[in-house]
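Structure first, then comments.
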Amino acid sequence: MTQQVYLPDDIPAVGKKILTDAGFDVIVGSGRDRDVMKKEGSNANAVLIGTQPFDADIMDAMPNLKVIARNGVGYDAVDVEAATERGIYVVNTPKALSDSVAETAVLELLAISKNLYQDSKAIYDDNWKYRKTHPGRDVAGKTVGILGFGRIGQQVAKKLSGFDVNVIAYDPFAKSTDTVEIVDRDTIFKTSDYVMVHLPALPETEHSIGTAEFKMMKNDAYLINLARGIIIVESELVDALKNGDIAGAALDVFEAEPLPVTDELVSLENVLLTPHIASNTIETNARMAVDATQDIVRVLHGDQPNSAVNRLDD
Ligand code: DGY
């Protein structure tokens, strides 16, 4: 019987072609609703997902599943243990998106420093004078502290190399380079003008940045998070932003997504909020679709995937 690949969200054509060329039926679904996915994917041998939760209950509704492919790098929303117990590979696309995420991170650093959003909004609000009371800040000469010096953190450092900044990083698994000094965690918070979060969401990093860290930070420092919302205690960040413990924050990820418009963060002036767009570019979406579908083909053809995050016993 022809094997079936279920795509709850549509993907670029280049990815679908890889699947159809390999002889699979491609089912483009109608979104991420749990019950809809359970129904639409009930005959699937493979599924390609975004950041939606994918737990044992959904896996059990798809009894023929051999591989769950994550269209991206973070797999915190997938119950990997449950997948492993069921003999299902979980694969991701870590090589496809570092450039894009790092570009967006640098963009957000610059944008929050120059009040880009609020200044632009002032024009639409017919308030040209806003700029007088809200001067921006220069980035040159400042210290940027990167939490998590993996693929993305390293790309951020590389892209910042022309900005005349001192880059330091914290990562228990990384070594200093010619241009980036690895320091202890507290040093990042105490000395950085920009704290950039590029950590994976793990039990150890979950809610690991809160009041204690914001109190360590300089009052004129910024927090920039493009990793996962769950790493930060959002209510404590709101307090720090309101109390002036830190100058501002640029956030692409949130504890709850979509971020409700009623969330207190939305009412603050010293934040830049973007809707989880760091890797959402035409080029990166295509690269992720290629990497993910190629691994689906490998698994459904009985080969080893290139980027499995779990190991299955033979
Ligand atoms: C990732 O790859 O995990 C990004 O957050 C986009 O999903």
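Among (1) within 19 Å of I209 (Cβ to Cβ); (2) without any contact (Cβ under 8 Å) to a residue 60 or more places away in the chain; (3) small (G, A, S), there is one condition S176 misses while meeting the rest; what is its number?
Only one criterion is unmet by S176, namely (1).
Each row is one residue, and each column tells you yes or no for (1) in contact with a helix residue (DSSP H, G or I) (Cβ under 8 Å, 6 or more places away or on another chain); (2) within 26 Å of G15 (Cα to Cα); (3) in a helix (DSSP H, G or I).
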{"site": "E236", "(1), (2), (3)": "yes, no, yes"}
{"site": "V266", "(1), (2), (3)": "no, no, yes"}
{"site": "E269", "(1), (2), (3)": "yes, no, no"}
{"site": "A292", "(1), (2), (3)": "yes, yes, yes"}
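Name every residue in segment 154-168 that is assigned to a loop (DSSP other than H, G, I, E, B) and in contact with a strand residue (DSSP E or B) (Cβ under 8 Å, 6 or more places away or on another chain), in order of residue number. Walk me through how you get there before you give the answer.
Looking only at segment 154-168, we keep the residues that are assigned to a loop (DSSP other than H, G, I, E, B), and these are 163-165.
Of everything in segment 154-168, just one residue is assigned to a loop (DSSP other than H, G, I, E, B) and in contact with a strand residue (DSSP E or B) (Cβ under 8 Å, 6 or more places away or on another chain), namely V165.
Among the residues of segment 261-269, are any of a type in the set (S, T, N, Q) and within 11 Å of the ligand (Cβ to nearest atom)? Let's see the steps before the verdict.
Our first condition is that a residue be of a type in the set (S, T, N, Q); within segment 261-269, this holds for 262, 267.
Now drop any that are not within 11 Å of the ligand (Cβ to nearest atom), which leaves none.
No, there is no match, as no residue in segment 261-269 is of a type in the set (S, T, N, Q) and within 11 Å of the ligand (Cβ to nearest atom).
Within segment 73-86, which residues are open to solvent by 40 Å² or more (accessible area, probe 1.4 Å) and either more than 16 Å from the ligand (Cβ to nearest atom) or in contact with an Asp or Glu (Cβ under 7 Å, 6 or more places away or on another chain) (or both)? If you could, list the steps in order and put the result at the bottom.
Applying the first criterion (open to solvent by 40 Å² or more (accessible area, probe 1.4 Å)) to segment 73-86 yields 73, 75-76, 79, 81, 84-86.
D79, E81, T84, E85, R86 - these are the residues of segment 73-86 that are open to solvent by 40 Å² or more (accessible area, probe 1.4 Å) and either more than 16 Å from the ligand (Cβ to nearest atom) or in contact with an Asp or Glu (Cβ under 7 Å, 6 or more places away or on another chain) (or both).
Looking only at residues in segment 190-234 that are among the hydroxyl-bearing types (S, T, Y) and outside any helix (DSSP H, G or I), which one is nearest to the ligand (Cβ to nearest atom)? Outline the logic, then answer.
Keep residues of segment 190-234 that are among the hydroxyl-bearing types (S, T, Y), which gives 191-192, 194, 205, 208, 211, 222.
Applying the additional criterion that residues be outside any helix (DSSP H, G or I) yields 192, 194, 205, 208, 222.
Working: S192: 23, Y194: 20, T205: 14, S208: 18, Y222: 20 Å.
The residue in question is T205.
Can you say whether E257 is farther than 22 Å from V90 by Cα, among the charged types (D, E, K, R), in a loop (DSSP other than H, G, I, E, B) and within 16 Å of the ligand (Cβ to nearest atom), as far as the supplied structure shows?
Working: farther than 22 Å from V90 by Cα: yes; among the charged types (D, E, K, R): yes; in a loop (DSSP other than H, G, I, E, B): yes; within 16 Å of the ligand (Cβ to nearest atom): yes.
Answer is yes for this residue.
Can you tell me which residue is nearest to the ligand (Cβ to nearest atom) among those in segment 48-72 that are more than 22 Å from D313 (Cβ to Cβ) and in contact (Cβ under 8 Å) with a residue 40 or more places away in the chain? If you could, list the steps in order and put the result at the bottom.
Step one: filter segment 48-72 for residues more than 22 Å from D313 (Cβ to Cβ), giving 48-53, 57-58, 61, 71-72.
Remaining after also requiring in contact (Cβ under 8 Å) with a residue 40 or more places away in the chain: 48-52, 71-72.
Working: L48: 12, I49: 10, G50: 6, T51: 5, Q52: 10, N71: 7, G72: 2 Å.
So, considering only residues that are more than 22 Å from D313 (Cβ to Cβ) and in contact (Cβ under 8 Å) with a residue 40 or more places away in the chain, the one nearest to the ligand (Cβ to nearest atom) is G72.
Residue-wise test of (1) in a loop (DSSP other than H, G, I, E, B); (2) at pLDDT 95 or above; (3) of a type in the set (D, E).
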site: I11; (1), (2), (3): yes, yes, no
site: K16; (1), (2), (3): no, yes, no
site: L19; (1), (2), (3): no, yes, no
site: G23; (1), (2), (3): yes, yes, no
site: G31; (1), (2), (3): yes, no, no
site: A44; (1), (2), (3): yes, yes, no
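With the condition kept exactly as written, say whether any residue in segment 219-233 is in contact (Cβ under 8 Å) with a residue 40 or more places away in the chain, among the basic types (K, R) and within 29 Å of A69 (Cβ to Cβ).
Checked segment 219-233: at least one residue is in contact (Cβ under 8 Å) with a residue 40 or more places away in the chain, among the basic types (K, R) and within 29 Å of A69 (Cβ to Cβ).
For the list (1) touching a residue at least 12 places away in the same chain (Cβ under 8 Å); (2) away from the ligand (no atom under 13 Å from the Cβ), I need the number of the one condition that K17 fails.
Here K17 clears every test but (1).
Taking the options D164, D125, D119, name whichever one is surrounded by fewer than 20 Cβ atoms within 10 Å (Cβ to Cβ) and in contact with a helix residue (DSSP H, G or I) (Cβ under 9 Å, 6 or more places away or on another chain). Steps first, please.
Numbers: D164 fails: in contact with a helix residue (DSSP H, G or I) (Cβ under 9 Å, 6 or more places away or on another chain); D125 fails: in contact with a helix residue (DSSP H, G or I) (Cβ under 9 Å, 6 or more places away or on another chain).
After applying the criteria, what remains is D119.
Filter segment 271-303 down to the residues that are surrounded by fewer than 19 Cβ atoms within 10 Å (Cβ to Cβ) and touching a strand residue (DSSP E or B) at 6+ places or on another chain (Cβ under 9 Å) and list them by number.
Across segment 271-303, the qualifying residues are L273, T274.
The values are calculated or read from the model by the stated rules, or taken from the named source; none is laboratory data. Note that the coordinates shown come from a computational prediction; the quantities given were computed from them, not determined experimentally. A quick note on method: Cβ atoms are made from the backbone with ideal geometry, for glycine too, and the neighbour counts reach across all protein chains shown. Surface areas here come from the heavy atoms of the whole protein model, side chains and all, with no ligands, DNA or RNA. Shrake-Rupley method; radii C 1.70, N 1.55, O 1.52, S 1.80 Å.
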